[in-house]
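The values are calculated or read from the model by the stated rules, or taken from the named source; none is laboratory data. It should be emphasised that the depicted structure is a prediction, and the values quoted were computed from it without experimental measurement. Don't worry about glycine lacking a Cβ; one is built from the backbone with ideal geometry, like all the others, and counts go over all protein chains shown. For accessibility, only protein heavy atoms count, side chains too; no ligands or nucleic acids. Shrake-Rupley method; radii C 1.70, N 1.55, O 1.52, S 1.80 Å.
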Amino acid sequence: MKRILIAAAFLGALALSASAQETTERQVLPDNVKPVRYELTVTPDAAAMTLAGDVRIEIDVTAPTRTVTLNSLELEFDSAEIDGTRATVSFDTTAQTATLTVPRDLGVGRHTLAIAYRGKIYRQAQGLFAVDYDAAGGQERVLATQFEAADARRFVPSFDEPSLKAVFDLTVIVPENRMVISNMPEASSEAAGPGLKRVRFATSPKMSSYLLFLAVGDFERITTTVDGVEIGVVAKRGDAEHGRFALESAAQLLHYYNDYFGTPYPLPKLDMIAVPGGGGFAAMENWGAILYFEEYLLLDPEHSSESDRQTIYTDVAHEMAHQWFGDLVTMAWWDDLWLNEGFASWMERKATEHFHPDWNTWMQGQGRLQQAMDLDARATTHPVVQEIFTVDQANDAFDRITYEKGRAVIRMLEVHVGEDPFRDGVRAYMREHAYANARTTDLWAAIETASGQHIRQIANDFLLQPGIPLVTPEPGVCTHNARTITLRQSRFSLGEAQAAQRWHIPVAAALVNGAGAGGSITDDNGVASFPLTGCGPFIVNPGQTSYQRTLYPRQSFDELSRNFARVPAPDQLTMLYDSVAFGLSGSAPYSDFFALAGRTPRNADPLIWELIGEQVTVNDYRYSGLPSQAAYRAYARNLLRPVLARIGWEKRSGEADNVSLLREQLVSTLSSIEDPTVLAEARRRFLADDIPAPIRQEVLFAVGRGADATTFDALLSRARASTDTIEKTTYYRALAHATDPALAARALAIAFDEDVNAALGTDIIDDVAYAHSRVAWDFAVAHPDELSARLDPLSRVGYLPRLTRFSVDPTLLADLRTHIDTQVPADLRRGQETAYGRFAERLRLRTERLPELDTWLATRSR
């Protein structure tokens, strides 16, 4: 979150009092002044961590005024003029604004602001920030910008709101031996004094301030050209070829997107810039110059896994989709952030499915969707389209509901309308709102016109109100090979019951073999009935394209369970996920998930077993410290060992890509539950330097979990010796997985070492928290200044609660409660209250639900 002087405030006296009332008025600039053009010259001093700038802003005044207010944060003005007249300047640090006042009214029409100013370069990913890394010739420093949601104001005095679009003319003065990247290609470069050059970039299209970008570093660039656009990957010297897969992926995707959106990519180039380090995000969609942290863009054959490869592809697909949804057409205000993120999340899956159908990307997306549904089932949920009043709240809106529920609703509507009419509507929306701003209603109007179908009621039900529909089928009596299915809806909740709601849901059902399908839309009473041809077990929401949970009557669930091997893989996956949710809520036996897992064939889709492995790990944390954990772990090992034995430790010729994903998960899960054979094999491979690249990270994490002091020292030595930032990160994070408390303490002690970059330091603490939540929490609380200097706005407020996510320590729950009540502003508590609710739920599960699972496990062992 954005905070004033956060380094002095983290976890202590926050800049906003925790008892402050919620903001209920939108904090925006006066509407009588609009920016038209920025002419900006910036001189960053990487060594001094400062910047100097001169900006001329052409503005359009719509009503006479003597004052012009724009955004400015942690900038010092040396001079300020309007039309050549000196202006007095007053700052409002709470509103993050600077107001320029002149003696006489500015008339309606064009005027020019001129400001000379100075600012700072940050260590965390906000404004202009720096990342240090080891290179062959010694330590190097790269500079880059990160402005979303509202940090352009840390770089230049600006009208820093998404609807206040303007064009940008950027000039940068930098060392002559450094490459400079911005949104547009270089227009000119000339000497600017000893060892310096002045680089001017071509004028940008009209765009929002948060999309402006600058990077300076010892870079190299590889390129290709597609549809007349030069696509580039920019990386630190020596690493550019590791961007070849991303470059090829982008080339593939650009042509696809040009066709799908019906509006060709409008800039002459599209760069993807790999920056070392990390933050609370993977990448940022700056127009024509997408920022990635390098692990999300670069693929190293010696160190990268299949999950890395697929993540890079989907991240490239996501950020490139933003070049249209977000950059070309931008939401009018942060209320409609989902128009950017929900659509980019949907398009990343749609494009990936087109080019890599074997990855089953819609199924893979279920994991993130389930995280959104977990949020949406709680009292702390929010609508997809929500009121945003401040930039802090805007940062808080970047969550799974915005991304993944938004994506799920779009897919549901596309399936309901049909692919071609939906695409035609999107194309019309792009044409009508190009280089401008739009709201959700503008999109629905375009799709309804293109399709001739009324979708607004369905869309509004899912976007304007929170919550998840719980659909319960009444199968009816099957006679003469036919029956009538009735589906009734309620609201699914975790924790306290939520207010009753109704959705108009596109619903369907089919036999497990896909035959006899029927469907409808639930009516105003939340009911739908339709005929289903055929008897036997049936699936509700086949293909899982509607946003809902399905609670089958016991007889129907048992019938599906007995036939689980015949259920299509997407429906198997959702049944497993739903059984987890119902076990948590008490709607169904806690053991249902494990009953389905036990009926899953060993040759089932790898994504099914990947989910089972993941949930085995999560449930193991709930057992921490209980006497019955040993029996649970014995069951879990017997469940998963044969699956790993079947696929082996190394990739086999001809195996599906997703088998590699499963192999990573199984090594992770079995080492987490302390399977001695897996821990021993991981250690053997580490000592023999025989770790296949596709499972390198998980094997090293397993080594870290089982490390003794000697192994810890060996990992630490390799971490310090490595000059490859991704390899270095993996070794340091492996140390943080130590289960030995003394070694975990040693890992924390190096979190702020000079050799550990800012983002990695916070990751080390976060990784220690898996097995040692209390220790990680106490360390974080004891080091507020160090953490505040390393956490970016997207991760700052949620960081401390995250450290509790696997804890079963009631005293830590009490500390979290105190932290929320005394340190967090009232309008920023939603995510923290969610963390608290999950923590309290975890403690209840240990006493109320795990004994039920213990009984089930004991029955199976007889």
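List of remarks:
- Restricting segment 575-590 to residues that are of a type in the set (S, T, N, Q) and open to solvent by 10 Å² or more (accessible area, probe 1.4 Å), the residue that is nearest to VAL618 (Cα to Cα) is SER585.
- Only one of GLU58, GLU74, GLU81 that is open to solvent by less than 80 Å² (accessible area, probe 1.4 Å), modelled with pLDDT of 95 or more and within 16 Å of ALA152 (Cβ to Cβ): GLU74
- Residues (without any contact (Cβ under 8 Å) to a residue 60 or more places away in the chain and either in a helix (DSSP H, G or I) or closer than 11 Å to MET363 by Cβ (or both)) located in segment 563-579: PHE564, ALA565, ARG566, PRO568, ASP571, GLN572, MET575, LEU576, ASP578, SER579
- Close pairs (7 angstrom Cβ cut-off, 6 or more residues apart or separate chains): without any contact (Cβ under 8 Å) to a residue 40 or more places away in the chain and of a type in the set (Val, Ile, Thr) in segment 455-482, open to solvent by 10 Å² or more (accessible area, probe 1.4 Å) and assigned to a strand (DSSP E or B) anywhere: VAL477/ARG483
- Entirely in segment 324-408, the helices (runs of 4 or more DSSP H) that have 3 or more residues that are touching a strand residue (DSSP E or B) at 6+ places or on another chain (Cβ under 7 Å) and over 20 Å from PRO570 (Cβ atoms): 337-355
- Selected residue (criterion: farthest from ALA789 (Cα to Cα)) from residues of segment 103-120 that are surrounded by fewer than 20 Cβ atoms within 10 Å (Cβ to Cβ) and of a type in the set (A, V, I, L, M): VAL108
- Of the strands (runs of 3 or more DSSP E) lying entirely inside segment 162-246, those containing at least 3 residues that are touching a residue at least 24 places away in the same chain (Cβ under 8 Å) and open to solvent by 20 Å² or more (accessible area, probe 1.4 Å) span 167-175, 196-201, 219-226.
- Looking only at segment 746-798, and only at residues there that are among the small types (Gly, Ala, Ser) and part of a loop (DSSP other than H, G, I, E, B), the one that is nearest to LEU812 (Cα to Cα): ALA769
- SER529, sole failed condition from (1) in a strand (DSSP E or B); (2) open to solvent by less than 50 Å² (accessible area, probe 1.4 Å): (2)
- Within segment 142-151, not a single residue is part of a loop (DSSP other than H, G, I, E, B), acidic (Asp, Glu), touching a strand residue (DSSP E or B) at 6+ places or on another chain (Cβ under 6 Å) and open to solvent by 30 Å² or more (accessible area, probe 1.4 Å).
- For segment 92-102, a residue qualifies if it is surrounded by 15 or more Cβ atoms within 10 Å (Cβ to Cβ) and assigned to a strand (DSSP E or B), and the qualifying residues are THR97, ALA98, THR99, LEU100, THR101, VAL102.
- In segment 404-432, the residues that are among the small types (Gly, Ala, Ser) and farther than 18 Å from GLN548 by Cβ: GLY418, GLY425, ALA428
- Selected residue (criterion: nearest to PRO825 (Cα to Cα)) from residues of segment 385-421 that are aromatic (Phe, Trp, Tyr) and surrounded by fewer than 21 Cβ atoms within 10 Å (Cβ to Cβ): PHE389
- Any chance PRO103 is touching a residue at least 24 places away in the same chain (Cβ under 8 Å), more than 24 Å from ASP151 (Cβ to Cβ) and either in contact with a helix residue (DSSP H, G or I) (Cβ under 8 Å, 6 or more places away or on another chain) or not hydrophobic (A, V, I, L, M, F, W, C) (or both): yes
- Taken over segment 432-441, residues that are in contact with a helix residue (DSSP H, G or I) (Cβ under 9 Å, 6 or more places away or on another chain), open to solvent by 50 Å² or more (accessible area, probe 1.4 Å) and not polar (S, T, N, Q) amount to 2.
- Scanning segment 381-399 for residues that are among the β-branched types (Val, Ile, Thr) and modelled with pLDDT of 85 or more yields THR381, VAL384, VAL385.
- Residue match in segment 333-351 (condition: among the aromatic types (Phe, Trp, Tyr), open to solvent by 20 Å² or more (accessible area, probe 1.4 Å), farther than 29 Å from HIS242 by Cα and at pLDDT below 95): no
- Of the residues making up segment 721-737, those that are closer than 22 Å to HIS242 by Cβ and in a helix (DSSP H, G or I) are ALA721, THR725, ILE726, GLU727, LYS728, THR729, THR730, TYR731, TYR732, ARG733, ALA734.
- Filtering segment 694-707 to residues that are open to solvent by 20 Å² or more (accessible area, probe 1.4 Å), within 17 Å of ARG733 (Cβ to Cβ) and either in contact with a Pro (Cβ under 8 Å, 6 or more places away or on another chain) or part of a helix (DSSP H, G or I) (or both) leaves ARG696, GLN697, GLU698, ARG705.
- Only one of ARG411, ARG427 that is in contact (Cβ under 8 Å) with a residue 24 or more places away in the chain, over 26 Å from PHE492 (Cβ atoms) and part of a helix (DSSP H, G or I): ARG427
- Checked against (1) open to solvent by less than 20 Å² (accessible area, probe 1.4 Å); (2) over 21 Å from LEU487 (Cα atoms), ASN563 passes all but condition (1).
- All of (1) under 25 Å from TYR260 (Cα atoms); (2) surrounded by fewer than 15 Cβ atoms within 10 Å (Cβ to Cβ); (3) touching a His at 6+ places or on another chain (Cβ under 9 Å) hold for HIS454 with one exception: (3).
- Of the criteria (1) in contact with a Phe, Trp or Tyr (Cβ under 7 Å, 6 or more places away or on another chain); (2) open to solvent by less than 10 Å² (accessible area, probe 1.4 Å), which one PHE293 fails: (1)
- Within the set ALA780, ALA789, ALA776, the sole residue that is surrounded by 23 or more Cβ atoms within 10 Å (Cβ to Cβ) and in contact (Cβ under 8 Å) with a residue 40 or more places away in the chain turns out to be ALA780.
- Just one of the listed residues (GLU674, GLU650, GLU681) is of a type in the set (Asp, Glu) and assigned to a helix (DSSP H, G or I), namely GLU681.
- Filter pass, ASP821 being open to solvent by 40 Å² or more (accessible area, probe 1.4 Å), in a helix (DSSP H, G or I) and touching a Phe, Trp or Tyr at 6+ places or on another chain (Cβ under 8 Å): no
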